[in-house]
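The next block holds one structure in the form of structure tokens; read it before the comments.
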Amino acid sequence: MTGQSNTAEGANHAFLYSNGTMSDLGTLPNLPSQDSYSAGLAINESGQVTGVSGIFQGHGHAFLYSHGKMSDLGTLPGGSDSAGSGINESGEVTGIADSAGLCCHAFLYSHGKMSDLGTLPGGSTSSGIGINEFGEVTGSSDAAQVTGGDTHAFLYSNGRMLDLGTLPGQSSSIGQGINRSGQVVGFTSSGQFSNFRAFLYNDGVMKDLNDLIETNSGWSLWFAYSINDRGQITGYGTNNGAIHAFLLTPVCSDVHGWTDREHGRDDSCD
């Protein structure tokens, strides 16, 4: 587990909790005391952590914590700020960064290099949030056809950013999680982030998760945050009016086959 905790000195530092012990990950080096902060935002199965650490004068940089060392991932060319929000098992990181005169774009950090993923056509800002084992990224971006501060979820794959659109009647969407099969989960909204609905994007189609569960279940699924390689989805919504976390497990003859890119999928899953 990773996150942020205050220290005895009153600073806020990223931590790694493993085997019953919480370890202080510290910050990037050579910080004046007023910039001594960090936060762990994502972790992989190897215990590598990414997030953000203060650097100077209120600015922060994305970091990769690995083998006991916190490394500065920098920014896009000429930029001053970045933050890592997703990491895969290879230690590739996605997040958001600025560059000279631009704020801000989704990035992919791979093999020691931070690459700008750009935006959807006509857009000016984007943010990378989730990344899978193939370096595919999901997040959100504005676009020429998106107005009023709304964004669209995207899937970045093979050098191309695909607009995932929204659910019917909605104006905005954000991709939060992606698995090795390229399935994306997130949420859509309307009217300046209201009327939230969780979605699953699979095989080129965005589906309302509320349409994939039993009718009259009492659930209203608002936000989907992550999906694993078995197709299980977690998030939160309301259950008979009370806010609860949920775990959805697909019902199919072969859960592993459904989400295994190398061995194909079983499309009978719900």
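The values are calculated or read from the model by the stated rules, or taken from the named source; none is laboratory data. This one's a predicted model, so the numbers in the text were calculated from it and none came from an experiment. Glycine also receives a Cβ, built like all others from the backbone with ideal geometry; neighbour counts cover every protein chain displayed. These accessible areas exclude ligands, DNA and RNA; they are computed on the full protein's heavy atoms, side chains included. Shrake-Rupley method; radii C 1.70, N 1.55, O 1.52, S 1.80 Å.
Observations on the structure shown:
- Once region 89-114 is narrowed to residues that are farther than 16 Å from LEU155 by Cβ and of a type in the set (Ser, Thr, Tyr), the residue that is surrounded by the most Cβ atoms within 10 Å (Cβ to Cβ) is TYR109.
- Scanning region 109-138 for residues that are of a type in the set (A, V, I, L, M, F, W, C) and farther than 23 Å from ASP150 by Cα returns MET114, PHE134.
- Any hit, region 47-57, residues being surrounded by fewer than 22 Cβ atoms within 10 Å (Cβ to Cβ), of a type in the set (Val, Ile, Thr) and either under 17 Å from the mean Cα position of the chain (by Cα) or under 29 Å from GLY182 (Cα atoms) (or both): no
- Hits in region 62-81 (condition: open to solvent by 10 Å² or more (accessible area, probe 1.4 Å), touching an Asp or Glu at 6+ places or on another chain (Cβ under 9 Å) and not in a loop (DSSP other than H, G, I, E, B)): LEU64
- The condition of being modelled with pLDDT under 95 and touching a strand residue (DSSP E or B) at 6+ places or on another chain (Cβ under 9 Å) holds for only one of SER115, SER53, SER36, SER82, that being SER36.
- Strands (runs of 3 or more DSSP E) contained in region 172-253 and holding at least 2 residues open to solvent by 40 Å² or more (accessible area, probe 1.4 Å): 194-202, 205-208, 219-227, 233-239, 242-248
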